[in-house]
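The values are calculated or read from the model by the stated rules, or taken from the named source; none is laboratory data. As the structure is a computational prediction, the values presented were derived from the model and not from experiment. Virtual Cβ from ideal backbone geometry, glycine too; neighbours counted across all protein chains shown.
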């Protein structure tokens, strides 16, 4: 009697869950903090056009997005870096096939206080500053002041991108690391606030966060190249050396609702939203 | 019938009592299971005494010595500030303050305990951090000292209320005896009340320390989080708790980094367990 009741219960619960899954009209999007504003802007516009569908966007960092995609707690992962081999292997183990879609570009601005006289730096100088080899502003033409290095936490795709493309200058065999004296702040906004108040500080984040309280440094690939301001034009033309693609990742080729949303982000309207949120469109 | 009812209620209460212990045990076993997995690949000595924390590099470095020292430094700073102030406050409330003021002070301290730590952290960022930077002429105000001051505020309610309880439970006859022998008020407090309540006050201090070492949000916001071995309290530090909170989101489930964070959790658990047991010993000594 009891057994029968239990089996009935299980069958009916299973039925309900299947029903719920098939009748589902919501998407969970998780990942990169850099992309949260963009994701939300997309979701708002999309839901305006499709009122019966619901899209939830949360941040947490690119790594968080991949963890959720792998554990199937989100449908789309936003990421400001490529997926790592380790993560692909783990996903395969759990039966998830990460599928990459490039949706926008982002220029990484290196920022200092407007009171800081330094205006331009090369990638090489940046690498030496952030790895702790240059410790005083006077070594790069500034005042005699100790450099305060601000970085994002390790859960940030921006942190990983900056390490691989500036500190290690795209060399996969390089072992360069952020100096352990770097202050690790938990958001781009925290870095922006500290830079605004501290003439000795230097930090980096997506160029959408630069306001008139910070000064974006002009960056050159090497000593022989010209120094370039981070703006949309220079990122599109590829002149600005620290820019990166932004991705959405889905489990396998997008289908159904997820496909509809991904197509929307790549549409003309979706790419206009990219420009409005201070990122760079790919089309 | 009555007996049955009695029996059922008794057992229900017993189960409720046991659940808390079961939860603690379950949490501990979960921590152990996930944390010890790290030591299959990483030497425990390199973990505890290693000076570099680069968890996402290939291969990762998992040395938590800077984190342990960071936690201890912030805790030490907070204790140095909050213990004298907290104990003095407790003495004032229980021995000196007139009844009305006493009620106001007690309510105020309870209110202090009710402020969420993220709010204190935020207040710290906008007020304390710039002050510390200008007063000590530092390159940045995100330092262990800022964290210590903010945490002292958080430990204060615990210390004051428990120390006040301890002073309150000193028999009245002690006090009367001291006065009868011609002691002044200060002599009575200093020579009679404080020694008589000492075990309770020590317990208050230990519980305050326990509160500080486990605190996460505020320290993460204002200590700068750089994983270097601190040379002075005016430098940024990274604490054990902030490391777990900041990195758990990124750690891929089942990776070395993930296990390392649980191992950090074990270290933290051991530290706060020791502190709580010590506090308990002091409390029981009193009885």
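Scanning segment B:57-77 for residues that are more than 13 Å from every other protein chain (Cβ to nearest Cβ) and either outside any helix (DSSP H, G or I) or crowded, with 19+ Cβ neighbours inside 10 Å (or both) yields B:68, B:71, B:73, B:74, B:75, B:77. Being without any contact (Cβ under 8 Å) to a residue 40 or more places away in the chain, more than 14 Å from every other protein chain (Cβ to nearest Cβ), surrounded by fewer than 19 Cβ atoms within 10 Å (Cβ to Cβ) and farther than 21 Å from residue A:187 by Cα: is that true of residue B:273 here? Against the criterion (without any contact (Cβ under 8 Å) to a residue 40 or more places away in the chain, more than 14 Å from every other protein chain (Cβ to nearest Cβ), surrounded by fewer than 19 Cβ atoms within 10 Å (Cβ to Cβ) and farther than 21 Å from residue A:187 by Cα), residue B:273 qualifies.
For residue B:54, the conditions (1) within 14 Å of another protein chain (Cβ to nearest Cβ); (2) under 18 Å from residue B:270 (Cα atoms) are fulfilled apart from (2).
Suppose we filter B:217, B:221 for residues that are within 22 Å of residue B:263 (Cα to Cα), touching a residue at least 60 places away in the same chain (Cβ under 8 Å) and either in contact with a helix residue (DSSP H, G or I) (Cβ under 8 Å, 6 or more places away or on another chain) or more than 12 Å from chain A (Cβ to nearest Cβ) (or both); which single one remains?
Numbers: B:221 fails: within 22 Å of residue B:263 (Cα to Cα).
Every option except B:217 fails the conditions.
Scanning segment A:163-192 for residues being over 18 Å from the mean Cα position of the chain (by Cα), more than 9 Å from chain B (Cβ to nearest Cβ), at negative phi and surrounded by fewer than 17 Cβ atoms within 10 Å (Cβ to Cβ) gives a total of 4. Among the numbered conditions (1) free of Cβ contacts under 8 Å to residues at least 24 places away in the same chain; (2) out of contact with any helix residue (DSSP H, G or I) (no Cβ under 6 Å at 6 or more places or on another chain); (3) more than 30 Å from residue A:237 (Cα to Cα), the only one that residue A:137 does not meet is (1). Filter segment B:235-282 down to residues that are within 24 Å of residue A:92 (Cβ to Cβ) and part of a loop (DSSP other than H, G, I, E, B) and give me whichever is modelled with the lowest pLDDT. Among residues in segment B:235-282 that are within 24 Å of residue A:92 (Cβ to Cβ) and part of a loop (DSSP other than H, G, I, E, B), the one modelled with the lowest pLDDT is B:250.
Quick check on this structure: which one of A:230, A:245, A:281 is more than 14 Å from residue A:120 (Cα to Cα), touching a helix residue (DSSP H, G or I) at 6+ places or on another chain (Cβ under 6 Å) and in contact (Cβ under 8 Å) with a residue 24 or more places away in the chain? I'd like the intermediate steps shown before the answer.
On the way: A:230 fails: more than 14 Å from residue A:120 (Cα to Cα); A:245 fails: touching a helix residue (DSSP H, G or I) at 6+ places or on another chain (Cβ under 6 Å).
From the options A:230, A:245, A:281, the qualifying one is A:281.
With respect to residue A:129, determine if the residue is closer than 28 Å to residue A:266 by Cα and in contact (Cβ under 8 Å) with a residue 12 or more places away in the chain. Explain how you work it out, then say what you get.
Working: closer than 28 Å to residue A:266 by Cα: no; in contact (Cβ under 8 Å) with a residue 12 or more places away in the chain: yes.
The answer is no for residue A:129.
Give A:154, A:148, A:160 a once-over and let me know the one that is at the interface with chain B (Cβ under 8 Å from one of its Cβ atoms) and closer than 29 Å to residue A:233 by Cα.
Numbers: A:154 fails: closer than 29 Å to residue A:233 by Cα; A:148 fails: closer than 29 Å to residue A:233 by Cα.
Testing whether each residue is at the interface with chain B (Cβ under 8 Å from one of its Cβ atoms) and closer than 29 Å to residue A:233 by Cα leaves just A:160.
Return a yes/no flag: does segment B:6-29 have any residue that is in a helix (DSSP H, G or I), touching a residue at least 12 places away in the same chain (Cβ under 8 Å) and within 24 Å of residue B:266 (Cβ to Cβ). Yes, segment B:6-29 contains at least one residue that is in a helix (DSSP H, G or I), touching a residue at least 12 places away in the same chain (Cβ under 8 Å) and within 24 Å of residue B:266 (Cβ to Cβ). Somewhere in segment A:220-242, is a residue surrounded by fewer than 17 Cβ atoms within 10 Å (Cβ to Cβ) and at the interface with chain B (Cβ under 9 Å from one of its Cβ atoms)? The answer is no; no qualifying residue exists. Here residue A:259 meets each of (1) outside any helix (DSSP H, G or I); (2) at pLDDT 90 or above with one exception, condition (1). Candidates in segment A:80-98 are the residues that are assigned to a loop (DSSP other than H, G, I, E, B) and either within 10 Å of chain B (Cβ to nearest Cβ) or free of Cβ contacts under 8 Å to residues at least 24 places away in the same chain (or both); of these, the one that is surrounded by the most Cβ atoms within 10 Å (Cβ to Cβ) is A:84. Regarding segment A:119-126, can at least one residue be identified that is within 14 Å of chain B (Cβ to nearest Cβ) and surrounded by 17 or more Cβ atoms within 10 Å (Cβ to Cβ)? Within segment A:119-126, none of the residues are within 14 Å of chain B (Cβ to nearest Cβ) and surrounded by 17 or more Cβ atoms within 10 Å (Cβ to Cβ).
If I go through segment A:210-220 residue by residue, how many of them are touching a helix residue (DSSP H, G or I) at 6+ places or on another chain (Cβ under 6 Å) and either more than 19 Å from residue A:34 (Cβ to Cβ) or without any contact (Cβ under 8 Å) to a residue 40 or more places away in the chain (or both)? Working first, answer last.
Applying the first criterion (touching a helix residue (DSSP H, G or I) at 6+ places or on another chain (Cβ under 6 Å)) to segment A:210-220 yields A:213-214.
Now drop any that are not either more than 19 Å from residue A:34 (Cβ to Cβ) or without any contact (Cβ under 8 Å) to a residue 40 or more places away in the chain (or both), which leaves A:213.
So the count comes out to 1.
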